[in-house]
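Encoded as structure tokens, the structure appears first; notes follow it.
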Amino acid sequence: MYNDDLAKLRNCIEDFYRVLVVGSSNTDMVVRTDYFPAPGETILGGDFFMNPGGKGANQAVAAVRAGAKVAFIAKVGKDIFGKETREILLKEGIDITGISEDDEHPSGVAQITVDSSGENCIVVASGANMALNVPDIDRHKALLQQSEIILLQLEIPMATVNHVAKIGQEAGKKIILNPAPAQFLSDELYEKLYAITPNESETFLLSKVQIRDETSADKAASFFHSKGVPVVVITMGSRGAYLSSAEFKGLLPAPEVTVVDTTAAGDTFNGALAVGISRGMPLKLAVEFANKGAALSVTRKGAQSSVPRLSEIESFN
């Protein structure tokens, strides 16, 4: 299944990172409710809890738990949330030397409402995440040089995303973009990507194709291919993920599970996918590996607290 020779070689390189994540870090404040309130409506919720989150941090945790050596570049505020973020990620075994503090902005936070079916509604106050700038990236350029896969999202400034992609492409790295939250992407950025991983709504916003089935997913994938992206993975929730590449094209079903909370499912998928690719898995197997990770995550509450470990993914049928 894996490219064992490549894995052994890279394990011998002390400072080599299979996955570098550049992105956001938030503290999630979660309330469980029976249903989402309508505009102007106040409802009584159920459980409240706080979890470390943010797409970048979630994906870094997903990658390290799935078996990769991981580094993370991010920015936090000089507050208790930033301090706790660094401590938590360090305990996970993630290289946090790329996390810097911002003097002016607080750490990012997210308000998350989860309904009785496990679906979620999220509002993010970005804080220091939107202060992660080009000079921050340049200060940690060594981390980009020492990695194989660079995993990006869109909860940091687009100028920073573009700069990371430029440096990564010049260094011959595989760049995976999870375009969330969806926003306009330049042709120059598309051309630098190895893979793009939108969900159904992000796919529609970017390609103007409504995902209904495999045929529409294939049409949307063709849009991204026309922009120069060789690997397209459209995540489709409980239906699984549609992979379009030179190796394989088709829908790869997700395992059937009882859904408790979908908060970090997409992040778990992306982190696990990056690990699968870095381990030399064929793309079809890498997506199936990521499907298993995401399926396990939705059976648990929270963001990073729901992310499974490698042993769980490998034993999951």
- Can Ala62 be described as part of a helix (DSSP H, G or I), of a type in the set (Gly, Ala, Ser) and at pLDDT 95 or above? yes
- Which residues, taken from segment 130-140, are in contact with a helix residue (DSSP H, G or I) (Cβ under 8 Å, 6 or more places away or on another chain) and within 20 Å of Pro106 (Cβ to Cβ)? Leu132, Asn133, Asp136
- Per the list (1) touching a Leu at 6+ places or on another chain (Cβ under 7 Å); (2) more than 21 Å from Ala272 (Cβ to Cβ); (3) of a type outside the set (Phe, Trp, Tyr); (4) part of a loop (DSSP other than H, G, I, E, B), residue check on Gln210 breaks on (1)
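Give, as residue ranges, the strands (runs of 3 or more DSSP E) completely inside segment 80-141 that count at least 1 residues that are farther than 30 Å from Met236 by Cα.
95-102
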- Pick out the one residue from Thr263, Thr258, Thr203 that is among the polar types (S, T, N, Q), outside any helix (DSSP H, G or I) and touching a strand residue (DSSP E or B) at 6+ places or on another chain (Cβ under 7 Å). Thr263
- Among the numbered conditions (1) over 24 Å from Lys173 (Cα atoms); (2) hydroxyl-bearing (Ser, Thr, Tyr); (3) buried (at least 23 other Cβ atoms within 10 Å of the Cβ), tell me where Ser238 comes up short. (3)
- Among the candidates Ala62, Ala71, Ala66, Ala38, which residue alone is out of contact with any Lys or Arg (no Cβ under 6 Å at 6 or more places or on another chain) and loosely packed, with under 12 Cβ neighbours inside 10 Å? Ala38
- Message: For the structure I just gave you, tell me whether Glu188 is surrounded by fewer than 23 Cβ atoms within 10 Å (Cβ to Cβ), charged (D, E, K, R) and touching a Pro at 6+ places or on another chain (Cβ under 8 Å).
- Response: no
- Message: Can you confirm whether Ser216 is surrounded by 14 or more Cβ atoms within 10 Å (Cβ to Cβ), touching a residue at least 12 places away in the same chain (Cβ under 8 Å), out of contact with any strand residue (DSSP E or B) (no Cβ under 9 Å at 6 or more places or on another chain) and of a type outside the set (A, V, I, L, M)?
- Response: no
- Query: Which number in (1) crowded, with 16+ Cβ neighbours inside 10 Å; (2) in a helix (DSSP H, G or I) marks the one condition that Val30 misses?
  - Reply: (2)
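Can you tell which of Gly127, Gly93 is in contact with a strand residue (DSSP E or B) (Cβ under 8 Å, 6 or more places away or on another chain), at positive phi and surrounded by fewer than 16 Cβ atoms within 10 Å (Cβ to Cβ)?
Just a single option satisfies the conditions, and that option is Gly93.
The rows are residues; the columns are (1) among the β-branched types (Val, Ile, Thr); (2) touching a Pro at 6+ places or on another chain (Cβ under 6 Å).
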position: Asp47; (1), (2): no, no
position: Gln59; (1), (2): no, no
position: Gly77; (1), (2): no, yes
position: Phe81; (1), (2): no, no
position: Glu84; (1), (2): no, no
position: Ile88; (1), (2): yes, yes
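The values are calculated or read from the model by the stated rules, or taken from the named source; none is laboratory data. Because the structure is predicted, anything quoted here is derived from the model rather than measured. In this analysis, Cβ positions are derived from the backbone assuming ideal geometry, glycine residues included, and neighbour counts consider all displayed protein chains.
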